[in-house]
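Chemist: Got a structure for you, questions after.
The values are calculated or read from the model by the stated rules, or taken from the named source; none is laboratory data. Values in this document were obtained by computation on a predicted structure and should not be read as measured data. For neighbour counting, all protein chains shown are included, and Cβ atoms are generated from backbone atoms with ideal geometry for every residue, glycine included.
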Amino acid sequence: MKKFINKIAVLTSGGDAPGMNAALRAVIRAAAFYKIECAGVYRGYQGLIEGDFVKMDARSVHHIIQKGGTILKSARSDEFRTIEGRKKAYNQIVDNEIDALVIIGGDGTFTGGMIFQKEFDFPVVGIPGTIDNDIYGTDFTIGYDTALNTAVEVIDKIRDTASSHNRLFFVEVMGRDAGFIALNSGLGAGAEEILIPEENLGLDRLLNSLEQSRRSGKTSSIVVVAEGEKSGKNVYELASYVEENLPQYEVRVSVLGHMQRGGAPSCFDRVLASRMGVKAVELLLDGQSDLMVGINNNKMVTVELEKAIKEHHSINKEILRISEILTT
Ligand code: F6P
């Protein structure tokens, strides 16, 4: 049954991503445009449980489109994983007369939102915000483009010093379960090898390829490694393994870490977040729920939250092939 929406709440949850603020701005301004009230929830689901709300209007979100992080803060809530925690959250929602919820985050955020929606028959719409780009049902998640550009900028700098000292660098980028950042930053920065969780090509192949590079006259090399890569060795162990087996190489390791999650969002992420934020509010006003907003071939689309969580967003293996051709 279509529920009348007077007031929505919005939260950011899980790992933050550049562009989350632009998405918040879009949700809150769209709410103002359609003359409904909007509450911001601090610290994700934990703030929902504790009733940590702030009234937000169009002016509350001025000059945040360009800011990294999330003004509402983010958190991972163990309490929300329990039925008792979710009941507390629902009571807060009833007490504060909230009619629908917009959740911005990754698959953990959507799992919580989907369970909550089903348990209390409460309208929920998700916006994908994670640098990992590992969400099914959207070509891009908010923050991925910015993180990718951050990674490329840093790998370019590492390339300078690698080349000056004739060294081999292992550069670890984020991606616990997905190789999107590694694959695309690796190609964009001209890495000699790219190691991703989706494709375990084996250590022998890595050694052969590096040896071949050296023989072909390359004096320095960069291997981009996704943190969730599946060789069974972490980036430091990989570096030692290569140094032991190819002693001609002087090897160094650089772990980019959380710098990839910060910084001003790219224009692409700002535009994506703006489109997704407006779409999320319009879906709720249209009586729709249990959906994630996505983008496919530059068109706004929706996918059921359950599908977004359960299905796999596959990497484009063509990029691996291209990278191999271009590093000969
Ligand atoms: O935002 C996703 C992600 O960047 C993963 O790639 C990474 O493993 C994880 O977050 C680390 O997050 P945290 O330090 O917040 O646990």
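Chemist: Name the pairs: first residue in region 38-61 and under 16 Å from LEU24 (Cα atoms), second residue charged (D, E, K, R) and part of a helix (DSSP H, G or I), Cβ to Cβ under 7 Å, at least 6 apart or on different chains?
Modeler: Correct list of pairs: ALA58/ARG29; VAL61/ARG25; VAL61/ARG29.
Chemist: Name the residues in region 82-111 that are among the β-branched types (Val, Ile, Thr) and touching a Lys or Arg at 6+ places or on another chain (Cβ under 6 Å), would you?
Modeler: Correct list: ILE98 only.
Chemist: Scan region 216-225 and give yes if some residue there is within 16 Å of the ligand (Cβ to nearest atom) and either assigned by TED's automatic domain parsing to the domain that holds TYR249 or closer than 30 Å to PRO247 by Cβ (or both), otherwise no.
Modeler: yes
Chemist: Then there's this: Residues in region 243-262 that are within 14 Å of the ligand (Cβ to nearest atom) and either within 14 Å of the chain's Cα centre (by Cα) or in a helix (DSSP H, G or I) (or both): how many?
Modeler: Residues that pass the stated criteria total 6.
Chemist: OK, next. Take SER240 and tell me if it is assigned to a helix (DSSP H, G or I), outside the structural domain of LEU203 (by TED's automatic domain parsing) and not aliphatic (A, V, I, L, M).
Modeler: So SER240 fails the test.
Chemist: Which residue is nearest to THR111 (Cα to Cα), if the candidates are limited to region 131-143 and must be touching a strand residue (DSSP E or B) at 6+ places or on another chain (Cβ under 7 Å) and within 12 Å of the ligand (Cβ to nearest atom)?
Modeler: Going through the qualifying residues, I end up with ILE135.
Chemist: In this structure, does GLN248 turn out to be closer than 28 Å to ASP16 by Cβ and polar (S, T, N, Q)?
Modeler: Criteria not met by GLN248.
Chemist: Can you name every residue in region 284-321 that is modelled with pLDDT under 95 and more than 16 Å from the chain's Cα centre (by Cα)?
Modeler: ASN316, LYS317, GLU318, ILE319, LEU320, ARG321
Chemist: Follow-up question, since we're still on this one. Do you know which residues across region 286-327 are in contact with a helix residue (DSSP H, G or I) (Cβ under 9 Å, 6 or more places away or on another chain), outside any loop (DSSP other than H, G, I, E, B) and acidic (Asp, Glu)?
Modeler: GLU304, GLU306, GLU324
Chemist: When residues of region 267-279 are filtered for being more than 16 Å from the ligand (Cβ to nearest atom) and either in contact with a helix residue (DSSP H, G or I) (Cβ under 7 Å, 6 or more places away or on another chain) or free of Cβ contacts under 8 Å to residues at least 24 places away in the same chain (or both), how many remain?
Modeler: 9
Chemist: Right, something else. Within region 134-150, identify whether any single residue is within 30 Å of THR219 (Cβ to Cβ) and more than 11 Å from the chain's Cα centre (by Cα), and answer yes or no.
Modeler: Checked against the condition, which is being within 30 Å of THR219 (Cβ to Cβ) and more than 11 Å from the chain's Cα centre (by Cα), region 134-150 yields at least one hit.
Chemist: Further question on the same structure: Please determine whether any residue of region 144-154 is more than 16 Å from the ligand (Cβ to nearest atom) and more than 14 Å from LEU11 (Cα to Cα).
Modeler: Yes - at least one qualifying residue is present in region 144-154.
Chemist: Select from region 1-34 the residues that are within 16 Å of the ligand (Cβ to nearest atom) and part of a loop (DSSP other than H, G, I, E, B) and list them in ascending order.
Modeler: Hits for region 1-34 are SER13, GLY14, GLY15, ASP16, ALA17, PRO18, GLY19.
Chemist: Here is a further query. With the condition being within 16 Å of the ligand (Cβ to nearest atom) and not hydrophobic (A, V, I, L, M, F, W, C), I'd like the helices (runs of 4 or more DSSP H) fully within region 35-130 carrying at least 1 qualifying residues.
Modeler: By residue number, 44-50, 107-120.
Chemist: Of everything in region 223-239, what is exposed (fewer than 14 other Cβ atoms within 10 Å of the Cβ) and on the phi < 0 side of the Ramachandran plot? Give them in sequence order.
Modeler: Passing the criteria: TYR236, GLU237.
Chemist: So which residues in region 269-283 are over 14 Å from the mean Cα position of the chain (by Cα) and among the hydrophobic types (A, V, I, L, M, F, W, C), if there are any at all?
Modeler: Of everything in region 269-283, those that are over 14 Å from the mean Cα position of the chain (by Cα) and among the hydrophobic types (A, V, I, L, M, F, W, C) turn out to be VAL271, MET276, VAL278, ALA280, VAL281, LEU283.
Chemist: Still on this structure, please answer the following. For the subset of region 165-208 comprising residues that are assigned to a helix (DSSP H, G or I) and of a type in the set (A, V, I, L, M), which member is farthest from the ligand (Cβ to nearest atom)?
Modeler: The extreme case among them is LEU207.
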